[in-house]
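The structure appears below as structure tokens.
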Amino acid sequence: MDPWLIWLIVSAVLIVAEIFTLTAALGMLGAAALITAGSAAAGLSPPFQFLLFTLVATVTLLFVRPVAVRHLLQPQTERFGVEALVGKAAYVVSEVTGMEGRVRIGGEEWSARSYDETLVIPRGATVDVMEISGTTAFVYPRE
């Protein structure tokens with residue numbers, strides 16, 4: 001079997017293993033094996049193939065992996081779905097109490113409850129969405 005094919009198989013195995021582990025280390029080793037497969041296909045001798053694999057693996061693991069891991073571990077900055085509605089302003093469509101009410105949030109009408117159950121928020125008031133639970137927005141009047 002040709003050396004380039006062996007390196008290619010090693011690369012494929014490492015990259016598939018990376019998909020299941022998500023550590024970024026096996027992916028870097030797979031990339032190093034892929035580069036080595038290219039050099040083996042170009043006719044580089046086996047000792048130089050191992051040297052190239054070692055160098056590329058070392059460089060990627062020491063310099064590329066920390067940057068990749070740092071980007072993967074960053075907290076999500078954007079909120080999606082109903083989480084994105086928390087903190088938004090809403091317009092009271094029908095009086096909001098601790099038991100019932102309706103508000104309009106960004107063009108959509110939601111059932112609403114007062115965040116403070118003792119408050120009664122009149123129709124036409126502007127409120128802030130404090131929390132979303134199911135299809136109900138818990139709101140608090142703006143000061």
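The values are calculated or read from the model by the stated rules, or taken from the named source; none is laboratory data. Model, not experiment: these values are computed from the prediction. Every residue, glycine among them, receives a Cβ derived from its backbone with ideal geometry; neighbour counts consider all protein chains shown. Accessible surface is based on the protein model in full, side chains and every heavy atom, while ligands, DNA and RNA are left aside. Shrake-Rupley method; radii C 1.70, N 1.55, O 1.52, S 1.80 Å.
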Close pairs (7 angstrom Cβ cut-off, 6 or more residues apart or separate chains): within 19 Å of THR54 (Cβ to Cβ) in the stretch 5-19, assigned to a helix (DSSP H, G or I) and of a type in the set (Ser, Thr, Tyr) anywhere: TRP7/THR36
Report, by residue number, each residue of the stretch 17-51 that is among the β-branched types (Val, Ile, Thr) and surrounded by 12 or more Cβ atoms within 10 Å (Cβ to Cβ). THR23, ILE35, THR36
Looking at TYR91, is it touching a residue at least 12 places away in the same chain (Cβ under 8 Å), over 30 Å from LEU8 (Cβ atoms), open to solvent by 90 Å² or more (accessible area, probe 1.4 Å) and among the hydroxyl-bearing types (Ser, Thr, Tyr)? yes
If PHE63 passes every condition in (1) in contact with a Leu (Cβ under 9 Å, 6 or more places away or on another chain); (2) under 30 Å from THR36 (Cβ atoms); (3) at pLDDT below 95; (4) not polar (S, T, N, Q) but one, which one does it miss? (1)
Filter the stretch 103-124 for residues that are more than 21 Å from GLU83 (Cβ to Cβ), free of Cβ contacts under 8 Å to residues at least 24 places away in the same chain and not β-branched (Val, Ile, Thr) and give the result. GLU117, LEU119
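Of the residues THR58, THR54, THR77, which is of a type in the set (Ser, Thr, Tyr), farther than 12 Å from TRP7 by Cβ and open to solvent by 90 Å² or more (accessible area, probe 1.4 Å)?
THR77 is the lone residue from the list that is of a type in the set (Ser, Thr, Tyr), farther than 12 Å from TRP7 by Cβ and open to solvent by 90 Å² or more (accessible area, probe 1.4 Å).
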Check on GLY38, at pLDDT 90 or above, closer than 30 Å to VAL10 by Cα and either part of a loop (DSSP other than H, G, I, E, B) or over 31 Å from the mean Cα position of the chain (by Cα) (or both): yes
For the stretch 95-143, which residues satisfy the criterion of being in contact with a Ser or Thr (Cβ under 7 Å, 6 or more places away or on another chain), aliphatic (A, V, I, L, M) and open to solvent by 60 Å² or more (accessible area, probe 1.4 Å)? VAL120
Going residue by residue through the stretch 110-128, is there one that turns out to be at pLDDT 95 or above, under 32 Å from the mean Cα position of the chain (by Cα) and among the β-branched types (Val, Ile, Thr)? yes
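Tell me, which residue of the stretch 57-85 that is charged (D, E, K, R) and either in contact with a Gly (Cβ under 8 Å, 6 or more places away or on another chain) or assigned to a loop (DSSP other than H, G, I, E, B) (or both) is farthest from PRO122 (Cα to Cα)? Break it down stepwise before answering.
Kept after step one, since they are charged (D, E, K, R), are these residues of the stretch 57-85: 65, 70, 78-79, 83.
Imposing the further condition that a residue be either in contact with a Gly (Cβ under 8 Å, 6 or more places away or on another chain) or assigned to a loop (DSSP other than H, G, I, E, B) (or both) reduces the set to 78-79.
Values: GLU78: 32, ARG79: 29 Å.
Top of the filtered list is GLU78.
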